[in-house]
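Written out below as structure tokens is the structure these notes cover.
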Amino acid sequence: MGEHAQKRLIRKLDLERFLSKVATQPNPQVRLEQYTISEQIAANMLYIAAYSNGDVVGKSVLDLGCGTGRLALGASFVGAKDVVGIDIDRLAIKTASENSKQACLADGVQWVLGDIRAVVGKFDTVLQNPPFGVQTREADRAFLVKALEVGNSVYSLHNHPQVDARLIKQLKASQGFMQVQASPFLERFVAHNDGVVTAVYAMLMIIPRMFGFHTKLKHDFVIDLYVIKRKSDNQNF
């Protein structure tokens, strides 16, 4: 399947169009930091994973904290062999299941309702948009630990270390992402958990006013996509 799918390179515009049809969380919860990434960010993330690094097509893929399934379904659409999406929110999983049926990918993705700590086994690739730790301090660390425990390659989104107006301006004028330096703290944390950061890409996140404490109609900020590989010698699962 992988070889066949690899010949069918999907245009980024077509991938964005597919992702735009994936219904978002109907009742987002602030404590879980349920901000859906845009189809542009999801497409960039999948394109880097699939076509720059060969980590999606024909591979086993896990979406940790899958929400309504945007990354999981995108991976299946691009040509992943097996995809599993797990989330602790029942409504998110219900919506993800409905999304997979609408996309005619119900057989391509397995949905699991549960805590990420319940995940066992090994996957070629882990995709994740974890909570950034704004509501629950260090919430993203548990996701990184689990991802490096079960995955060979990890693609993980994290908040940019500081507000950078110049970088925001550059991203608005670019193709949607730029390579940047890793956060020293995250780099050390990844290394402590048997991983190595191979690249970091800054992307522009735009979220509308969703919760009562939001004071603007929309908020622009930078998020970083960390590309991480396991250090372990055993690369074959």
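Here GLY85 meets the list (1) closer than 13 Å to ASP63 by Cα; (2) loosely packed, with under 15 Cβ neighbours inside 10 Å; (3) not hydrophobic (A, V, I, L, M, F, W, C) almost entirely, failing just condition (2).
Looking for whichever is out of contact with any Pro (no Cβ under 7 Å at 6 or more places or on another chain) and part of a loop (DSSP other than H, G, I, E, B) here; the options are VAL56, VAL83. Which one fits? Result of the check over VAL56, VAL83: VAL56.
Taking GLY69 as the residue in question, decide whether it is on the phi > 0 side of the Ramachandran plot, free of Cβ contacts under 8 Å to residues at least 60 places away in the same chain and out of contact with any helix residue (DSSP H, G or I) (no Cβ under 7 Å at 6 or more places or on another chain). The answer is no for GLY69.
Bear in mind that the values in this text are calculations on the coordinates, not laboratory data. Predicted model only: the values in this text are computed from it and were never measured. Please note: Cβ atoms are built from the backbone with ideal geometry, for glycine as well, and neighbour counts cover all protein chains shown.
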